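I have placed the structure first, in the form of structure tokens, so that the comments after it can refer back to it.
The values are calculated or read from the model by the stated rules, or taken from the named source; none is laboratory data. Note that the structure is predicted; figures quoted are calculated from it, not measured. When we count neighbours, we look across all protein chains shown, and the Cβ atoms used for this are built from the backbone with ideal geometry, even at glycine. Note: accessible area is taken over every heavy atom of the protein model, side chains too, but ligands, DNA and RNA are not part of it. Shrake-Rupley method; radii C 1.70, N 1.55, O 1.52, S 1.80 Å.
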Amino acid sequence: MLLKKDFFHITNTCLFKSTLITLCILAAFLFNACASSGGSDTAAKESTHSSGDYEPPLVSEKSDEEEPVKTEEETAVKTEAAQTAEAIKLPSAAKPKSYFAKINEDIVKNVEMGSPSSISDAMAQFHKTESELTENEKVLIYSASEIMRILWPSQKITWNVYGVTEETPYTGALKSVRNGIYDTSTGNSDFLSTFLPALVFLTPNITANVQTQCEQGILDSLKLNADSVAANYLAGLYYEKGSDYEKSEPYLTKAYEASKTIEIALEYAKVLSKNGKSALAEDVMRQVGGAANTNLAILKQNAYIAFEKGDYAAAEEAVARVLQQTPNDLEFVLFRARIFIEKNDYIHAVSLLDMYARQNDTNIDYLILRARVQLDWSKNTNAATDTIEKAMQLYPDNVDALLIAARISSLTDGPVAGKYADELAATVLEKKPSNKDALVYALDGLVQRENWQEAYDISSNLIKAQPDNESLILKHVSICLKLAKKKEAMEVAQKAYNANPASELNTQAYILASTQILTRDESIKLIDSMLPSASSKIKSYLYYRKSFLERNEDTSLADLRSSLIANPRNSDALFRLYEIYYAKNDYRKAQYYLKQVVAINPNDSSVRKLNEALTQLIQ
């Protein structure tokens, strides 16, 4: 009589000689046969040990009856059955097909590449009439055409675009783009369903939330296709509009290397010029037509490049040519005002700013230029503060607005939008740690608040990066003296003075450090030796420093009067006279000098507060 295990061995041998389909059928048959002879509960239990590539059907709950004891033969049969089941790998569930799966793969890839040439090549491969096209082919043609229309307006659509009746994530995303909405319901199942919603970034007046969604959509698209010209161009454009030119450049570089289309070339040249690569920017522009070309977009870009180079005359000429063709171009009306401001032609700048404000008085560039005029020309810090606070409310993360605010705070020694210069500068430095303007304003704020150690850390780094900056050297020497770092102060001041002894700032730093290091007699001797050949401003400073060295008040007052004869606007000497008379309780004479300080430094809020307090004291 044939034993179970002998029967199973013979059958197993036959199974490996048949096809995969026959194996599966026989395995199932034998497994059921074993189950019927070994007990239904045992078979159900063993089925749970089969290969894990698919989920087996649910089994009924175990019976409360006790399992029978298995014999050695039953155990052997079960083991061989389990091994056979594990050896037979049933196929896993197929992945869902792409909506465009039935379309030639090269066509889809060309559309995803998204350059004008790749899109045109993709469309040229459709050799069908409208009736022969499937619905998904029409959707792909429509999507490609919208990419061309939105991203590459300089290019003509030379193929037929057909209406689509089927609602798809692709058509839905493009409909949302037209309405200024970022479509989050596409599922992001492939490149196009991820990328198309981000095209809304080019729709005017989108919200900050939509902009954030666009950035994520663009980055997700690049994860799916890092070589896509369309996605790299849109990424570069996104960061360029946010003034993050360093982050924008690599994306535009990759897009430009793959496609020299004019839209990419213009943005690439603009970013290069912003990053100080004017020569490379000009090379790019020469390839798309150069300065002689009358194309409006090229004229505009040449104006930007000239401006970044500091060639304001060439920039003004290009802007004038643009405005001759499009007199109502508000962007270039504002740009022309900016050129006038850089040329210190504030009268013409104000006229253009007033013209622009009648159309739009909330644009960030307008608000920044208006604040600069109020600060540098009108000398009206209150108006400038109101303007820049409005800008910060509308655009809280704008670096230029934060820098103007920090500058105002450093000038007035007062808060702007509730923050002082060092706090405002710190916000900029979180985004751009190497921003030199932010570091300088942070230093000014720390000095005003007498935070000498942090001020020292910043000034030390700044003079390493800018060893010839005389203003920074004077600040660093002053800070070192506050921290009793007299040796370092003297070394820095001496080096700067030896390099340029004619510099007023270097002379001030040298005398300031020397009078702290040398004895009183040595300091007076040094000052007396420099007085005969000194300019009026330096002579005024020398007498001012000498007044601190005199042994009696009358001699100090004589030095201060000599200082004012040499330079009547020496606010340091005037303030020293205020301090002397205030200490003598001669408040009216003290205010006489303090009012002159206020007149010279109208923006200094700390001096204004002293004058207000003194006025109340006199009354």
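Among the residues making up region 138-175, those that are among the aromatic types (Phe, Trp, Tyr) and touching a Ser or Thr at 6+ places or on another chain (Cβ under 9 Å) are Tyr142, Trp152, Trp159, Tyr170. Residues that are open to solvent by 30 Å² or more (accessible area, probe 1.4 Å) and under 52 Å from the mean Cα position of the chain (by Cα) within region 514-529 comprise Gln516, Ile517, Leu518, Leu526, listed in sequence order. Here the condition is being touching a helix residue (DSSP H, G or I) at 6+ places or on another chain (Cβ under 7 Å), at pLDDT 95 or above and either more than 26 Å from Leu330 (Cβ to Cβ) or basic (Lys, Arg) (or both); of Arg370, Arg407, it holds for Arg370 alone.
Looking only at residues in region 242-262 that are more than 9 Å from the chain's Cα centre (by Cα) and surrounded by fewer than 18 Cβ atoms within 10 Å (Cβ to Cβ), the one that is modelled with the lowest pLDDT is Lys260. Of the listed requirements (1) touching a residue at least 24 places away in the same chain (Cβ under 8 Å); (2) part of a helix (DSSP H, G or I); (3) not small (Gly, Ala, Ser), Lys525 misses just one: (1). Of all residues in region 119-135, none that is under 26 Å from Val229 (Cα atoms) and in a loop (DSSP other than H, G, I, E, B) has its Cβ atom under 7 Å from the Cβ atom of a residue that is at pLDDT 85 or above and open to solvent by 90 Å² or more (accessible area, probe 1.4 Å), 6 or more apart or on another chain.
Thr381 satisfies every condition listed in (1) over 20 Å from the mean Cα position of the chain (by Cα); (2) without any contact (Cβ under 8 Å) to a residue 40 or more places away in the chain except (2). Looking across region 572-582, the residues that are open to solvent by 30 Å² or more (accessible area, probe 1.4 Å) and in contact (Cβ under 8 Å) with a residue 12 or more places away in the chain come down to Asp572, Phe575, Arg576, Tyr582. Only one of the numbered conditions (1) within 39 Å of the chain's Cα centre (by Cα); (2) more than 22 Å from Glu267 (Cα to Cα); (3) open to solvent by less than 60 Å² (accessible area, probe 1.4 Å) is violated by Pro116, and that is (2). Evaluate the following for Ala455: is it free of Cβ contacts under 8 Å to residues at least 40 places away in the same chain, in contact with a Phe, Trp or Tyr (Cβ under 7 Å, 6 or more places away or on another chain) and open to solvent by less than 70 Å² (accessible area, probe 1.4 Å)? Answer is no for this residue.
Mind listing whichever residues of region 336-358 are of a type in the set (A, V, I, L, M, F, W, C), closer than 21 Å to Gly310 by Cβ and in contact with a Phe, Trp or Tyr (Cβ under 8 Å, 6 or more places away or on another chain)?
Step one: list which residues in region 336-358 are of a type in the set (A, V, I, L, M, F, W, C), which gives 337, 339-341, 347, 349-350, 352-353, 355, 357.
Imposing the further condition that a residue be closer than 21 Å to Gly310 by Cβ reduces the set to 337, 339-341, 349, 352.
Residues satisfying the conditions are Ala337, Ile339, Phe340, Ala349, Leu352.
Whether any residue in region 270-279 is among the hydrophobic types (A, V, I, L, M, F, W, C), open to solvent by 10 Å² or more (accessible area, probe 1.4 Å) and in contact (Cβ under 8 Å) with a residue 12 or more places away in the chain is what I want to check. Within region 270-279, not a single residue is among the hydrophobic types (A, V, I, L, M, F, W, C), open to solvent by 10 Å² or more (accessible area, probe 1.4 Å) and in contact (Cβ under 8 Å) with a residue 12 or more places away in the chain.
Confirm whether Ala493 is open to solvent by less than 30 Å² (accessible area, probe 1.4 Å), closer than 19 Å to Asp444 by Cα and part of a helix (DSSP H, G or I). It is false that Ala493 is open to solvent by less than 30 Å² (accessible area, probe 1.4 Å), closer than 19 Å to Asp444 by Cα and part of a helix (DSSP H, G or I).
Across region 303-356, the number of residues qualifying as β-branched (Val, Ile, Thr) and under 18 Å from Arg286 (Cα atoms) comes to 1. Here is a check on your reading of the model: is Thr194 open to solvent by less than 70 Å² (accessible area, probe 1.4 Å), of a type in the set (Ser, Thr, Tyr) and assigned to a loop (DSSP other than H, G, I, E, B)? In short, no. Checked against (1) open to solvent by 70 Å² or more (accessible area, probe 1.4 Å); (2) modelled with pLDDT under 90; (3) part of a helix (DSSP H, G or I); (4) not hydroxyl-bearing (Ser, Thr, Tyr), His348 passes all but condition (2). Just one of the listed residues (Asn136, Asn110, Asn104) is farther than 22 Å from Pro153 by Cα and touching an Asp or Glu at 6+ places or on another chain (Cβ under 9 Å), and it is Asn136.
The number of residues in region 143-191 being assigned to a helix (DSSP H, G or I) and open to solvent by less than 80 Å² (accessible area, probe 1.4 Å) comes to 17. Inside region 530-550, residues that are outside any helix (DSSP H, G or I), touching a residue at least 12 places away in the same chain (Cβ under 8 Å) and open to solvent by 70 Å² or more (accessible area, probe 1.4 Å) make up a count of 1. Yes or no: region 225-239 includes at least one residue that is outside any helix (DSSP H, G or I), touching a Phe, Trp or Tyr at 6+ places or on another chain (Cβ under 8 Å) and either open to solvent by 20 Å² or more (accessible area, probe 1.4 Å) or free of Cβ contacts under 8 Å to residues at least 12 places away in the same chain (or both). Yes, the conditions are met somewhere in region 225-239. Scanning region 293-342 for residues that are assigned to a loop (DSSP other than H, G, I, E, B), modelled with pLDDT of 85 or more and of a type in the set (S, T, N, Q) gives Thr326, Asn328. Test Glu553 against the criterion of being under 27 Å from Val416 (Cβ atoms) and surrounded by fewer than 17 Cβ atoms within 10 Å (Cβ to Cβ), and give yes or no. No: the conditions fail for Glu553.
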